[in-house]
């Protein structure tokens, strides 16, 4: 809005920022208030918003709790776990397509798109709808303040394409991304807040709805330094649910045909019932899976014991411990050297998960903070640091996967190794392999395997204009630069001639700037009504604040205003009062603008009067 | 030597290249002044050793390196410049990236050795691919054992016997690293034959590192198959 709120009178914080945990299952926003991070909760609600979107055939999309509630009745229009699709190609998500309600295809550029009632929508746009909802509710809960800036979290093990996709989703949601940070690192910030004076080695075990991260940090004099991170972006609570769903499908297989079994209503109901049962089993030794699918005449009931469930998921928990082993080995530490174990993510409520992690590290894990909220809280801490609110803490994070270039023969030359602290840069020399070769093609890859084909290709670029010379004579320096968000930029230069190619590697399965612009325009069309209603609500609040500030100060400064200014101001105030509750965007805007102009003499008088006190809504360049 | 160029201010006229132009304290790093907190943009990209204000020497105190990284990061990290003007933000991000890049080289024995051998005019990895002579027979034997284990199913005895090989290779890697250290400390003069010796020792370290990584991958496979 081009505004800096100068609200000395209201004592409001001019640098409101928030942290958003964009989760596979639920999303949540937190902010910094009175020296602490706090979850933003609408009155009487948990603040957590299901990452679920429902697209009814006719009508507006619904995001959040309502969408989730309607999922059983309308499974074929409801999208869950879209985070699993972020920055991925069709081949990567085949396993997830079985229970996905809409047709999914890949564009010529390798971009995933979901066909929703004939409109092609990318995972980035879908995630942006969730972000918009979370952000909107958070702003309203904060009294309608505009909070454009936010720190957004991603799983530590997200690769470059997944991070780019998340950043693009935030841009599409109209959020100014201060920083992308890793979920386990955020959690450690929230936990370490009171312990910065002490030190030690912390492991964060984060098992969320769809992803696993294990990060090992050292904390020393307020510096949180990630030593190593490991994980799996396709292992989480969803997979635990699926283990229970197999119990259901096995139980139903005898009485139902294959066609019945494939019914989306049945699948959705089974999945939600499995999830409920899993949650119940964390609190009780035994629980029931129970659901009804009326149109198929099914009423399924089955008792599950905790032992039975633990047996089913034991192999999955084993897999998470492999990531713990790898992270330990990369950090050069032994399990016994770990001082603190922090559990994050809803799946760590499962007693078997807790017990196995505790046994592995030989330490009782911390559970003081709500595992569903700790990531958002940590993101708010980082947002506070970035807003200039604290220099006592510093987060040094790492890149989770090595970055390299494919060389002749298909092997990978690693340029930046995994677990390098970011931001980071490295330059690697390459040469030509044929006489008079004037161009070099580069394939930029991310991953640990030795062959490029086994790693993920992030993109290709070509350096041309190399002068003809014998093979092996050209000296091509390729510079990798990973920024503080963990995003990669690559540039190449032929050093004997200085011929350079500064190329942003455009991620496969990612959006380019033009895509983002186009989508922004479309999304405004798509949700103009929502957008206008939100704007009007915000403007209404802002106008109210301005009015109150004017009313409060007018009496004291009345004598100092010339009659003309006074008349203008009173007129503008009256106009503002008359439209405050109108909900009309145009009227509110006009009233806000004229009140702003009319209140300037008052502001000037107050500035003279009460040193440096200013009015809300004052533009910075006029101060 | 790298000349610090403070942003938006003229070069100091006294020609004191290693002092801060603002507070005249000695500079520990070309990226910032630890005394007054001023950021600089070096005219040329500093070497990894220059970035940390350390002499070019393979022998290095790892804890001191850690301390310097944290001390410098506290001054130049982009998190502290998020609200600063674009230009300052960029300097902070690039300086920190350069420090972290240098740290990755200096903190890893093999990468630091590779850099030092190159800087002193020693042979590159492409020019000298040999392993120390006493390795040749052993390398063949180890290779066979790893290959055998890879082809046998997880959980088999051949795989279980790998633990012994892991400890042999780790021990040999440790030995090779101390031999590498002996070849590089005290620092060889330029084109010293010790540099070729160092390259051979480094090749051994690399070979053993790769073999151990393969064994680790097999071990993880083993663990998850249980």
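Coordinate-derived values only; no laboratory data. Remember, it's a predicted structure, so these values are computed and weren't measured experimentally. Cβ placement follows ideal geometry from the backbone for every residue including glycine, while neighbour counts extend to all protein chains displayed.
Under the classification rounded if a/c is under 1.5, otherwise prolate if a/b is larger than b/c and oblate if not, where does region B:123-225 fall, given a ≥ b ≥ c as square roots of the Cα gyration tensor eigenvalues? Before the final figure, lay out the partial values.
Values: a/c = 3.05, a/b = 2.60, b/c = 1.17.
Taking the square roots of the gyration eigenvalues as a ≥ b ≥ c, region B:123-225 is prolate.
As an exercise, use a Förster radius of 60 Å and the Cβ-Cβ distance of residue A:559 and residue B:43 to find the FRET efficiency, rounded to the nearest 0.05. Rounded to the nearest 0.05, the efficiency is 0.50.
Cβ crowding within 10 Å ranks A:205, A:191 as A:191, A:205, fewest other Cβ atoms first.
With the cut-off at 1.5 for a/c, could you classify region A:237-313 from its C-alpha gyration tensor as rounded, prolate or oblate? The shape class here is prolate. Extension gain for residue A:597-residue A:496 works out to 30.3 nm (0.36 nm per residue, less the C-alpha to C-alpha distance). Using alpha carbons only, the radius of gyration of region B:56-180 set against its Kirkwood radius gives Rg/Rh = 1.15.
At 222 nm, what helix-only mean residue ellipticity would chain B give, in deg cm²/dmol to the nearest 500, using -39500 (n - 2.57) for each DSSP H run of four or more? It would help to have the intermediate numbers written out before the result.
Details: 8 runs with 126 residues, N = 226.
When only DSSP H runs of four or more count, the value is -18500 deg cm²/dmol.
Our compactness index for the protein assembly as shown, the C-alpha radius of gyration over the empirical 2.2 N^0.38 Å, is 1.05.
What separates the Cα centres of region A:200-253 and region A:321-383 is a distance of 9 Å.
From the square roots a ≥ b ≥ c of the eigenvalues of the alpha-carbon gyration tensor of region A:122-240, which class results: rounded (a/c under 1.5), prolate (a/b over b/c), or oblate? Oblate shape, in that a/c is at least 1.5 and b/c is the bigger or equal ratio.
Report Rg(Cα)/(2.2 N^0.38 Å) for region A:415-498, keeping two decimals. Display every interim value, and only then the final one.
Numbers: Rg = 13.9 Å, N = 84, 2.2 N^0.38 = 11.8 Å.
Rg over 2.2 N^0.38 Å, computed on Cα atoms: 1.18.
Put the Cα centre of region A:52-87 next to the Cα centre of region A:254-287 and the gap is 19 Å. Quick one: if the Förster radius is 56 Å, what FRET efficiency do residue A:315 and residue A:428 give, using the C-beta to C-beta distance and rounding to 0.05? Efficiency for this residue pair is about 0.90.
Show me the ranking of peptides A:228-236, B:21-29 by mean Cβ neighbours inside 10 Å, starting with the highest.
Details: A:228-236: 23.8, B:21-29: 16.8.
Most protected by this proxy first, the peptides run A:228-236, B:21-29.
Inter-label distance, residue A:120 to residue B:147: 4.9 nm, where each label sits 7 Å from its Cα along the C-beta direction. Mean per-residue shielding of peptide B:74-85 is 5, counting Cβ atoms of other chains within 10 Å of each Cβ. Each stretch of four or more DSSP H residues adds -39500 (n - 2.57); spread over every residue of chain A, this sum gives -12000 deg cm²/dmol at 222 nm. If you wrap the Cα atoms of chain B in a convex hull and average its projected area over all directions, you get 16.4 nm².
Taking the square root of 5 times each eigenvalue of the Cα gyration tensor, what semi-axes in Å does the equivalent ellipsoid of region A:258-380 have, largest first?
Numbers: eigenvalues 244, 50, 42 Å².
Semi-axes, largest first: 35, 16, 14 Å.
What FRET efficiency, computed as 1/(1 + (r/R0)^6) with R0 = 60 Å and r the Cβ-Cβ distance, is obtained for residue A:521 and residue B:190, rounded to the nearest 0.05? It comes to 0.45. One quarter of the surface of the convex hull around the alpha-carbon atoms of region A:60-210 equals 11.5 nm², the direction-averaged projected area. One Cα centroid belongs to region A:150-192, the other to region B:99-129; the line between them spans 34 Å.
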